[in-house]
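Encoded as structure tokens, the structure appears first; notes follow it.
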Amino acid sequence: MPAKAKSAARRLPTKARRRRASRPLLPPVTRVAIIGAGAGGSALLSILARDPLVRIVGIAEINSKAPGLRLAKLYGVPVVRDYKELLESEEVDLIIDVTGDWEVEETLAEFDRVGLAVIGGTSAKFMWQLIETHVRANAEIKRYLKKYQELYRLYVKEAGAAVTEERSRIACEIHDGLIQTLAGINFKMELSRELIFSDPTRCHELLSDAKTQLKAAIEESRQVIFNLRPLYSEAMQLVPALSAYLKSYETQSHVRTEFKASGEETALTPKVKIFLFRIVQEALSNVHKHAKAEGVTVTLTLTAHYARAIIQDNGIGFEVDAVSQDPTKWQSFGLKGFAERARLVGGTAKIESRKGHGTRVMVDIPVGPEEA
């Protein structure tokens with residue numbers, strides 16, 4: 001250290017010297033220039049412009065109507081017509097070409113400057129397409145979640161006393177499925193950003209995995225809606241709804257299902273249909289979470305006087321008497337919900353099980369004059 005600098009350092013108060021010495025080093029900001037303000041440039045701008053570790057120093061575009069120019073104006077990014085101006089700038093660390101123009105690609109391939117990285121061609125296209133898919137998937141997930149919330153409010157109004165239990169079940173499904181998937185995607189996106197320069201191949205693999213998971217997240221959100229959607233129509237048909245749900249359940253849980261239905265459902269009110277569907281749904285959820293079963297059979301019998309549903313699995317079973325004495329287990333197994341739902345429509349629910357012999361849930365609900 002020069003003598004003057006040492007002297008100035010000595011004159012600093014002790015606390016000031018400590019503050020300066022302990023001040024954390026900020027990570028370097030990457031200065032990025034984008035060539036092309038079309039769909040690719042728009043996707044990159046929408047993400048990178050909000051990243052504190054990135055500063056977009058310019059964007060090149062010859063089309064005055066390119067969609068990315070509006071975003072560039074919004075974020076205060078300078079726009080030039082000739083991309084070669086960006087190459088000549090000393091204030092650029094990374095150039096991303098999303099034009100798909102072979103002449104631009106050739107120029108960039110021949111261009112060589114120490115400290116300047118270039119991403120173009122297939123890699124750049126894959127990057128902005130993944131980002132665009134990510135943005136679009138988030139928007140679609142929000143739309144489905146909003147629709148789910150509207151349907152759920154209707155369910156709250158209809159389900160009455162069973163709503164608290166149902167809300168917990170759905171929240172757990174979203175947390176254990178959709179949220180975990182989105183968290184995994186977020187982790188891979190963060191890791192990809194760290195590896196984009198040091199290990200492009202690994203970055204490409206992570207981005208591919210993230211794209212696959214995004215598709216899975218969209219399907220999971222659709223499944224949540226599907227599980228609720230058939231229940232709020234006056235013309236709902238119980239047998240087709242259960243049949244479709246069992247096929248979906250078998251695919252997701254890998255538990256073999258069999259559905260047997262007899263009789264006509266014309267005498268059933270929409271409320272009874274809803275509650276029967278929910279009871280079967282909750283019973284199947286228990287099979288998936290607790291029973292360790294290979295198969296489950298759902299039998300639906302409809303007559304002019306009653307509706308009966310039997311859900312029988314070949315799982316590990318449990319001792320009903322022991323569980324019924326433990327309120328925590330009775331609640332966590334969802335067993336209390338069966339009785340409450342059946343009671344709300346004037347019916348009864350019975351559970352039979354023994355260790356090693358599976359579990360059988362039987363629900364009887366009166367219809368016609370007895371239900372009234």
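Scan the range 85-112 for residues that are exposed (fewer than 14 other Cβ atoms within 10 Å of the Cβ) and without any contact (Cβ under 8 Å) to a residue 24 or more places away in the chain and report the count.
8
For the range 87-102, which positions are part of a helix (DSSP H, G or I) and either closer than 29 Å to Ser208 by Cβ or not assigned by TED's automatic domain parsing to the domain that holds Ile34 (or both)? Working first, answer last.
To start, the set of residues in the range 87-102 that are part of a helix (DSSP H, G or I) comprises 87-88, 102.
Matches in the range 87-102: Trp102 only.
In the list Asp51, Asp93, which residue meets the criterion of being within 18 Å of Val118 (Cα to Cα) and modelled with pLDDT of 80 or more? Steps first, answer last, please.
On the way: Asp51 fails: within 18 Å of Val118 (Cα to Cα).
Step by step, each of Asp51, Asp93 is checked, and only Asp93 is within 18 Å of Val118 (Cα to Cα) and modelled with pLDDT of 80 or more.
Within the range 37-60, identify whether any single residue is touching a residue at least 40 places away in the same chain (Cβ under 8 Å), more than 23 Å from Leu191 (Cβ to Cβ) and not in a helix (DSSP H, G or I), and answer yes or no.
Yes, some residue in the range 37-60 is touching a residue at least 40 places away in the same chain (Cβ under 8 Å), more than 23 Å from Leu191 (Cβ to Cβ) and not in a helix (DSSP H, G or I).
Can you tell me how many residues within the range 105-135 are under 20 Å from Ala43 (Cα atoms), among the β-branched types (Val, Ile, Thr) and part of a helix (DSSP H, G or I)?
Summing the residues that are under 20 Å from Ala43 (Cα atoms), among the β-branched types (Val, Ile, Thr) and part of a helix (DSSP H, G or I) in the range 105-135 gives 4.
Pairs, please: C-beta under 9 Å, at least 6 apart or cross-chain, first residue of a type in the set (Lys, Arg) and in the range 169-198, second in a loop (DSSP other than H, G, I, E, B) and modelled with pLDDT of 75 or more?
Listed pairs, sorted by first residue: Arg193/Asp51; Arg193/Leu53.
A quick yes/no check of all residues on (1) surrounded by fewer than 18 Cβ atoms within 10 Å (Cβ to Cβ); (2) over 25 Å from the mean Cα position of the chain (by Cα):
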{"residue": "Tyr249", "(1), (2)": "no, no"}
{"residue": "Ser253", "(1), (2)": "yes, no"}
{"residue": "Thr257", "(1), (2)": "no, yes"}
{"residue": "Ala261", "(1), (2)": "yes, yes"}
{"residue": "Ile274", "(1), (2)": "no, yes"}
{"residue": "Arg278", "(1), (2)": "no, no"}
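Tell me which residues, restricted to the range 196-223, are among the aliphatic types (A, V, I, L, M) and out of contact with any Ser or Thr (no Cβ under 9 Å at 6 or more places or on another chain).
Ile196, Ile218
If you check Ala117, Ala60, Ala39, Ala33, which single one turns out to be surrounded by 14 or more Cβ atoms within 10 Å (Cβ to Cβ) and within 30 Å of the chain's Cα centre (by Cα)?
Ala39
Among (1) hydroxyl-bearing (Ser, Thr, Tyr); (2) outside the structural domain of Ile62 (by TED's automatic domain parsing); (3) more than 34 Å from the chain's Cα centre (by Cα), there is one condition Tyr144 misses while meeting the rest; what is its number?
Every condition holds for Tyr144 apart from (3).
Which residue, of Leu116, Leu206, Leu151, Leu145, is at pLDDT 70 or above, of a type in the set (A, V, I, L, M, F, W, C) and in contact with a Lys or Arg (Cβ under 8 Å, 6 or more places away or on another chain)?
Leu206
Among the residues of the range 183-203, which ones are within 10 Å of the chain's Cα centre (by Cα) and either modelled with pLDDT of 80 or more or of a type in the set (Lys, Arg) (or both)?
Residue satisfying the conditions is Ile185 alone.
The values are calculated or read from the model by the stated rules, or taken from the named source; none is laboratory data. This one's a predicted model, so the numbers in the text were calculated from it and none came from an experiment. With ideal geometry, Cβ positions are generated from the backbone for all residues, glycine too; neighbour counts draw on all protein chains shown.
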